[in-house]
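Colleague: Please find one structure pasted underneath; my questions will follow.
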Amino acid sequence: MIKNIFKSDFFKMMTALSAVAVFSGVSLVLIYQMTAAGIVANRNKESVQAVLKLFPDADVDRLMEQVKHGMGAIVPVAGKDGKALGYAFKASGNGYQGPIEVIGGLNADLTQMQGIEIVDSQETPGLGAEIAGEKFKKQFLGLAVTQPIEYVKGESPDEPHEVESITGATISSRAVVSMLNERIEEIRNEIKEKK
Amino acid sequence: MIKDFAKGLWRENPIFVQVLGTCPTLAVTTKALFGLSMGLATTFVVISSSVVISMIRRFVPEQVRIAMFTVIIATFVTAADYFLKANFYTISKALGPYVPLIVVNCIILGRAEAFASKRPVFRSFLDALGMGLGFTCALIVLGSIREILGSGSLFGVRIMGKGFTDWIVMVLPAGAFITFGLLVGLFNVINNKVKKKI
């Protein structure tokens, strides 16, 4: 009876599948251990580089330490002399084709932006992908955020809190603006609470 | 032996003749470099999974073979994905979900099912190498054409003059289909000419 079980198809299938599963599990653990540190380091380096573009005078070593566990929280940025430069943050939301991730900077009194860097997006090349282009990005440098940011279509913005959306890519532009508004609102509340 | 290797490059080219694995082919070939990296990642997966599957082919029960092949393939795909993330971060980001999606690339399961599960290790290795390189070359050709016309550059180096306006359509999905269709047609024309001569 027991001998029959060992010879049965059922038993063969079970052992073969288990063997493959064990092989796969062990390999994945090894691969993960070999690469995990590198993956995290890459991600952090990307964040630090983006923040440095917004705050060129920031203290790099300090930043490295601050983003060690990702950029879920607001990062208070300080210069090498310890002077507070402002805050860096990550915001994300849905664009036209997929998630967009932005790293933004705010000045120390939360009245103006220090600019934005797009760290992740899958927008249409030539249209939505232009959110990562200099023309769109530089509008956020010095943009007033005392009230929500607004976008205007096809004309130069004349208010300090307005940006011009990209022609043919209103959805992408709107996505960036609204994720920034949401996140800035959160940051404002969080910092107010702390004080 | 040499036939096992060479057939993947032209006569049974996975992209232009078998028309398999077209999803990553169309999606990632906006630039030649992405085509090259996607091709190499796929080559790595198809070689390693073919070799392993050929090694264990005698112990694979018929009924659960697809499940076993898939787990083996998925393991190597994850390895390739982590490797790219750790060492080639920008490329990995550009390829996005298409690296994990190598799991469902039918070239790989196709080679496992049609070739590696029935033949000795070395021949399976050659077959996988040929198919992988055939796939890679196809992706580089597609990527180069689309990058030259769509971005005016090749492997990131600007080659078109200042007066050239980028054909943005070539970077979009439509450009992928147009280029791909023309290349498949060209392949058929050449193959027919060769056949007539013989």
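Residue-wise test of (1) more than 7 Å from chain A (Cβ to nearest Cβ); (2) basic (K, R); (3) buried (at least 19 other Cβ atoms within 10 Å of the Cβ); (4) under 19 Å from the mean Cα position of the chain (by Cα).
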| position | (1), (2), (3), (4) |
| --- | --- |
| B:I53 | yes, no, yes, no |
| B:F59 | no, no, no, no |
| B:V64 | no, no, no, no |
| B:A67 | no, no, no, no |
| B:V77 | yes, no, yes, yes |
| B:F88 | yes, no, no, yes |
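Colleague: Separate question: Anything in the range A:33-58 that is out of contact with any Leu (no Cβ under 9 Å at 6 or more places or on another chain) and either away from chain B (no Cβ under 14 Å) or on the phi > 0 side of the Ramachandran plot (or both)? List them, or say none.
Modeller: A:K53, A:P56, listed by residue number.
Colleague: List the pairs whose first member sits in the range A:96-113 and is aromatic (F, W, Y), whose second member is in a loop (DSSP other than H, G, I, E, B), and whose Cβ atoms are under 9 Å apart, counting only residues at least 6 apart or on separate chains?
Modeller: Listed by first residue and then by second, the contacts come to A:Y96/A:Q122; A:Y96/A:E123; A:Y96/A:T124; A:Y96/A:L127; A:Y96/A:A169.
Colleague: Answer yes if at least one residue in the range A:68-84 is at negative phi and within 10 Å of another protein chain (Cβ to nearest Cβ), and no otherwise. First the steps, then the outcome.
Modeller: Filtering the range A:68-84 down to residues at negative phi leaves A:68-69, A:71-81, A:83-84.
Restricting the remaining residues to those that are within 10 Å of another protein chain (Cβ to nearest Cβ) gives none.
Scanning the range A:68-84 turns up no residue that is at negative phi and within 10 Å of another protein chain (Cβ to nearest Cβ).
Colleague: Any idea which of (1) surrounded by 14 or more Cβ atoms within 10 Å (Cβ to Cβ); (2) part of a helix (DSSP H, G or I) is the one B:M160 doesn't satisfy?
Modeller: Among (1) surrounded by 14 or more Cβ atoms within 10 Å (Cβ to Cβ); (2) part of a helix (DSSP H, G or I), the lone unmet condition for B:M160 is (2).
Colleague: Which one is nearest to the chain's Cα centre (by Cα) among residues in the range A:1-32 that are of a type in the set (D, E, K, R) and within 7 Å of chain B (Cβ to nearest Cβ)? Don't jump to the end; show me each part of the working.
Modeller: Start the filter on the range A:1-32 by keeping residues that are of a type in the set (D, E, K, R), which leaves A:3, A:7, A:9, A:12.
From what's left, within 7 Å of chain B (Cβ to nearest Cβ): A:9, A:12.
Values: A:D9: 51, A:K12: 48 Å.
Of everything passing the filter in the range A:1-32, A:K12 is nearest to the chain's Cα centre (by Cα).
Okay, residues lined up against (1) within 14 Å of chain B (Cβ to nearest Cβ); (2) small (G, A, S); (3) crowded, with 21+ Cβ neighbours inside 10 Å:
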| position | (1), (2), (3) |
| --- | --- |
| A:D109 | no, no, no |
| A:M113 | no, no, yes |
| A:L127 | yes, no, no |
| A:T146 | no, no, no |
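Colleague: Given the structure, is B:V169 part of a helix (DSSP H, G or I) and either over 19 Å from the mean Cα position of the chain (by Cα) or modelled with pLDDT under 85 (or both)?
Modeller: So B:V169 fits the description; yes.
Colleague: Which pairs turn up if I take residues in the range B:28-47 that are more than 14 Å from B:I108 (Cα to Cα) and touching a residue at least 40 places away in the same chain (Cβ under 8 Å) and look for partners that are among the charged types (D, E, K, R) and in a helix (DSSP H, G or I) with beta carbon separation below 8 Å, at least 6 apart in sequence or on another chain?
Modeller: B:T29/B:R146; B:T30/B:R146; B:T30/B:E147; B:K31/B:R146; B:K31/B:E147; B:A32/B:E147
Colleague: Still on this structure, I have one more. Just need a number here: residues in the range A:62-105 that are in contact with a strand residue (DSSP E or B) (Cβ under 6 Å, 6 or more places away or on another chain) and in a loop (DSSP other than H, G, I, E, B).
Modeller: Within the range A:62-105, residues that are in contact with a strand residue (DSSP E or B) (Cβ under 6 Å, 6 or more places away or on another chain) and in a loop (DSSP other than H, G, I, E, B) number 2.
The values are calculated or read from the model by the stated rules, or taken from the named source; none is laboratory data. Computed from a predicted structure; not experimentally measured. Counting neighbours? That spans all protein chains shown, and the Cβs are built from the backbone with ideal geometry, glycine included.
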